[in-house]
Every structure is written in C-alpha cells, then in structure tokens.
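The values are calculated or read from the model by the stated rules, or taken from the named source; none is laboratory data. A quick note: this is a predicted structure, and the numbers were derived from the prediction, not measured. Please note: Cβ atoms are built from the backbone with ideal geometry, for glycine as well, and neighbour counts cover all protein chains shown.
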Amino acid sequence: MTTDPSKPWLDSYAPGVPHTLPDPTGSLFDLMAESVATYPDHVALEFFRRETTYAELGDQIARAAEGLRELGVKAGDPVAISLPNCPQHVVAFYAVLRLGAIVIEHNPLYTARELRHQFEDHGARIIIAWDKIVETVQAFPADVRVDHIVSVDVTRAMPFMTRAALRLPIPKAREARQSLTTSVSGTTPWQDLLDHEPIAAEVAKPAVDDVALIQYTSGTTGHPKGATLSHGNLLINAAQARAWVPEVPRGSASVHAVLPLFHAYGLTLCLTFAMSMGARLVLFPRFDPDLVLSVIRKRPPTFLPAVPPIYERLTAAAAEKGVSLRGISIAISGAMPLSPSVVEPWEAATGGYLVEGYGLSETSPVLMANPVAPTRKAGTVGLPLPNTEIRVVDPENPTVEMPAGEPGELLVRGPQVFSGYWKRSEETAAVFVDDWFRTGDIVRVDADGFVTIVDRIKELVITGGFNVAPSEVEEALRAFPGVADVAIVGIPDERDGEHVVAAVVAAPGATIDEQALRDFARERLAAYKVPRRVELVDELPKSLIGKVLRKRVRDHILERP
C-alpha cells in the first residue's frame, strides 16, 4: 500500500532509510567539530599514505582559522580556494567556514581569463592557492587584484620519504616534482597560518542560514554563475547521504576522493558527507589508476564516488594488473549517464553496488539516488532523497503538471535547494516557479517513483562530469582571426558522456586551421572546454530573432558521415 500517493518513491526506499529528516542546526564547522570530538584518534585524512587523525585535523583547522583572521578575514567575506585534492584543501575549507566567511571553490587548472571572470563576480580579496597557479593570480589586473595570496606546496603534506624521493636528481623525480610544486615569492606560505595559536573559542561561529559556499555553475544557460549555498543546505545534503546508507555506521567507513573537491559532487561526498561520517578520506591530487589501485590493495574503500569513465578505467586496469577490487562496497556514480555496460563488470569485480544518482550545483548537489539495494533500477537516476519533493510539468507552462508517466520538466523542492545566484536576482527569479526550482531537465517518473532523464532543455555540454557553457566557449573562439560565427554543441561519447564540438563559419576569404583554433582556445579555457573537433559549416541555423538553434546544429553534425 502506498504511504503517500503523491510520493510513490517512498515505498521504494531501501530498508532502514527514513522518509523524513529533522531540520539541520548549527554549521558545517560544527559537523567537523563533532567528528573531531567523537573520533579524535581515528584517521581523518590519508595522502600518499601519510595519515592525519581527526584530532590533528581539528588542530590544524583552528590554527589556520586564526591565521586567516589575522590576515583580516571576517564573517561574510568571500575567500577563494584553488587547490587540488590535498590535506591543505580540507583544512582551508573548514578554516574559512570557522570564521563565518564564505568559501569560493575554483578549478586550479582554470586559465587567467576564466579565473578573472569569477573574481570580478565574487570580489574575493584573498585566495588560498596551489603554488603552481600563483603566477596566474599575481598577473590579475589592478581592478581584481587580491590583497593576500596564501600559497600551498602540496608536497609538504606528503610523507618524508616521498618528499625526499621527489628531490632525487633523476628525470622522473624532477618531472613529478615540477608537476606538483614550484617556487613562488610575494605570498604568505601556508605553513605561516599553521604556526598561529588555535583560534579562541569566543570568536563567533556561523549560523545555519549563513552562506557557506559560492559554487560556480553554468546554471541553465550562459556564463558561470555563483550558486549560494547555506550551511543548512550543505548540512542537510550530508545528512540525506548518511540516511541513504543506514547500514554503514559512523566511524567505520573509508572514502576515496578521486573526484575534485572543487566540484560540487566531490565537495559534498568527500568534504562534508565523509567528514560527517568520521570516515577515512583518502585524497588523490588527480585520478591515476595505478595510484588508486595501490591504495585499494591495502584497504578497499567503503565508498567510491566517481563518474563512469573512472569506473571503466579502474575495472580495466585492475584486470590488467591482477588487482582485486573485492571489498569496494558502494560506488556512487553521477554527473553523466551510467551505462549497464559499466555497471555489470564493476559489480562482478567488486561484489558491491554501483548506483547512479542525480543533482545540480544549485541543490548542494544531490537530489536523488538509486537505492543501495537489489531494488535499484539501472538506467534511472533513482528516487528523491528524504525531504525532497518533485513535480513533472509542461516545460512551456511550468504551472501545469504532466499526466503520470508522461515526460516533462523536473521541478524540485527541498532543504538542499539553494536560495539563488550570487548578486543575480533576475536570473534567480527565472529558475523558480513559486518555491519550486526548475532543473531544466526533461524526465519521466515511473509508477515506483524512479526517475529517468529523457532530455535537457538547457544547452550545457556535460563532458567527463564537467559542465561546459556553450556561450563561454563561443565567446572565446569568436576572438580567433577569421571566425565569423560559431556554435558549441555536445556530441555523444561512450567514454565522456559528450564531447565539445565547434561548428565554425569562416569569414569571407578566411581559412580556419583547426589545430591553431584549438591551441587558441586552450590558452583561454580549461582543457575540458576546448573543442575536441571543429566542423566547418557555411552557416548556422537561427531563429526568427537571430538566436542560433544549437539543437539543429547538433543534429546536422550527427548526420555527417
């Protein structure tokens, strides 16, 4: 019998998963403080096999927070973080939050142009940055120049012997060292922050409704916008994730952070959920199958959040090297469609589950997931999490609900849904219908409440789990000599979900060199945004008001031999 006819998904929950959760209280810093108090001697972080306990992590956070306070950071200030996965990233995140300041995560591989756009938007005057990108930040023009750069040498968090090996006078060691660190000047070294006394208890802490994070996203269209997420948004999403796996007790799990922490997906599953579980978080600065397998040999993770290409590569590498994947209990896939051709070999190799979920940066990010149980349905993105409501509406008139089982635009409501985009009231208003958030995705919900993504209204390209805004890439390519017009579309790819492809119209008499165009783009855009290929076309199809019809461009490219 259905518990609630309007919420059929509740009857499809795995045993032990609650239908509702209490409202969150406190802050993300309190979440961390609770794990520090409860599991002081448990390992919190592992980085190239160097371990940091929760007690040590809590001490470093308190010292870094005091160091940032003495640099002038106060409640409500935006503070940028641009780091790979490393212990300093975790410490920096919670140290900023301890002060009631706002974290802005940045991809450390962004170009100066991409970073500048976001700094112009959020206005942060301090950045905690990987030393490899310090020169990029120092080259900012005067109108966006920061007051303080805290530079981080990630090798300082490695075991002594690993660091010593990087100093060996051999090409392989030199290459590894150069990929991880570089010499910088004119900054505040990270170690200077840790040399402070711990922050005083009486320094005010943030409240549940305070903004904790500005997470940049392309939203439904256009350039990246900052989704403002409160402590409450992120706390409840961590609680929803914990509730989804009731069989895993706190203080017992391990999580492999192969996803970047600057990405909303990696941030929640690793920085908040894992820490709230009192889990061992194993940090990888980048995804390297051999490095991940070397850790799995020693201790397989309880949780491995990732994207389908990572599961494919790990399955193949493990088979090639004779490494057992048995013992990886729960693999959670997101950010792009998960094919049964990936699930079956993974589950056969691990003996665990590989389930798909769904979310957006604007929703902290997780909205739904498949049950971690035999009842999960491959090909769907699962069921709404506790406290999450959904509606399926006519995309042309989102006040009209679609008949049961018919496709329509997904609207969502829940405590993990953001309050709006940073300083963009008009764009915020455009994505809400009353208090329901418009996802821009076309879905179908079956009788059991399982949701299947059918199509996207929004024109984002999702490649390797990363969102690419077509207009951002188009703007960069239009500056290339000889380009009269350009449209960016996503073309399906089994490995990456989609590839970025550029349809380019050459100016009269001009010749476009594809490689030169791609090199030009690489200087201005992160690597995953650079078109994989360039298609020369005579013209771009446009609407009566002159808008490029990207769907027709995409269809035309797909029809080409």
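Restricting to segment 405-416, and then to whatever is part of a strand (DSSP E or B) and in contact (Cβ under 8 Å) with a residue 40 or more places away in the chain, can you tell me which residue is farthest from residue 210 (Cα to Cα)? Here the answer is 409.
When 83, 71, 28, 57 are checked against the criterion of being surrounded by fewer than 19 Cβ atoms within 10 Å (Cβ to Cβ) and either at pLDDT below 95 or in contact with a strand residue (DSSP E or B) (Cβ under 6 Å, 6 or more places away or on another chain) (or both), 71 stands alone in meeting it.
A quick yes/no check of all residues on (1) touching a Gly at 6+ places or on another chain (Cβ under 7 Å); (2) farther than 20 Å from residue 466 by Cβ; (3) of a type in the set (D, E, K, R):
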{"residue": "47", "(1), (2), (3)": "no, yes, no"}
{"residue": "50", "(1), (2), (3)": "no, yes, yes"}
{"residue": "67", "(1), (2), (3)": "no, yes, no"}
{"residue": "76", "(1), (2), (3)": "yes, yes, no"}
{"residue": "79", "(1), (2), (3)": "no, yes, no"}
{"residue": "87", "(1), (2), (3)": "no, yes, no"}
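Note on segment 405-463: among residues that are basic (Lys, Arg) and modelled with pLDDT under 95, the one that is surrounded by the fewest Cβ atoms within 10 Å (Cβ to Cβ) is 423.
The sole residue among 463, 439 that is in contact with a Phe, Trp or Tyr (Cβ under 8 Å, 6 or more places away or on another chain) and of a type in the set (S, T, N, Q) is 463. Applying the criterion of being within 24 Å of the chain's Cα centre (by Cα) and among the aromatic types (Phe, Trp, Tyr) to the residues of segment 25-53, the residue that is nearest to residue 93 (Cα to Cα) is 29. Of all residues in segment 101-112, those being over 19 Å from the mean Cα position of the chain (by Cα) and either modelled with pLDDT under 95 or charged (D, E, K, R) (or both) number 1.
Restricting attention to segment 51-87, the residues being part of a loop (DSSP other than H, G, I, E, B) and among the aliphatic types (A, V, I, L, M) number 4.
When segment 240-265 is filtered for residues that are modelled with pLDDT of 95 or more and assigned to a helix (DSSP H, G or I), the ones remaining, listed by number, are 240, 241, 242, 243, 244. Taking the listed residues 355, 372, 342, the one that is assigned to a strand (DSSP E or B) and either buried (at least 21 other Cβ atoms within 10 Å of the Cβ) or modelled with pLDDT under 95 (or both) is 355, with no other qualifying. Considered as a group, the residues in segment 384-404 that are in contact (Cβ under 8 Å) with a residue 24 or more places away in the chain and part of a loop (DSSP other than H, G, I, E, B) include one that is surrounded by the fewest Cβ atoms within 10 Å (Cβ to Cβ), and that residue is 404. Could you please find all residues in segment 434-487 being over 19 Å from the mean Cα position of the chain (by Cα), of a type in the set (Val, Ile, Thr) and closer than 30 Å to residue 510 by Cα? Scanning segment 434-487 gives 473, 483, 486. I want to confirm something. Restricting to segment 277-330 and keeping residues that are of a type in the set (Val, Ile, Thr) and closer than 27 Å to residue 32 by Cα, which single residue is surrounded by the fewest Cβ atoms within 10 Å (Cβ to Cβ)? Within segment 277-330, the match that is surrounded by the fewest Cβ atoms within 10 Å (Cβ to Cβ) is 295. For segment 417-433: of the residues being β-branched (Val, Ile, Thr) and not in a helix (DSSP H, G or I), which is nearest to the chain's Cα centre (by Cα)? Going through the qualifying residues, I end up with 417. In segment 149-164 there is at least one residue that is within 25 Å of residue 210 (Cβ to Cβ) and either in contact with a Lys or Arg (Cβ under 6 Å, 6 or more places away or on another chain) or at pLDDT 95 or above (or both). Within segment 535-544, is even one residue within 30 Å of residue 106 (Cα to Cα) and either at pLDDT 90 or above or touching a helix residue (DSSP H, G or I) at 6+ places or on another chain (Cβ under 9 Å) (or both)? No: segment 535-544 contains no residue that is within 30 Å of residue 106 (Cα to Cα) and either at pLDDT 90 or above or touching a helix residue (DSSP H, G or I) at 6+ places or on another chain (Cβ under 9 Å) (or both). Set side by side, the residues 476, 502 differ, and just one is touching a strand residue (DSSP E or B) at 6+ places or on another chain (Cβ under 6 Å) and surrounded by 18 or more Cβ atoms within 10 Å (Cβ to Cβ), which is 502.
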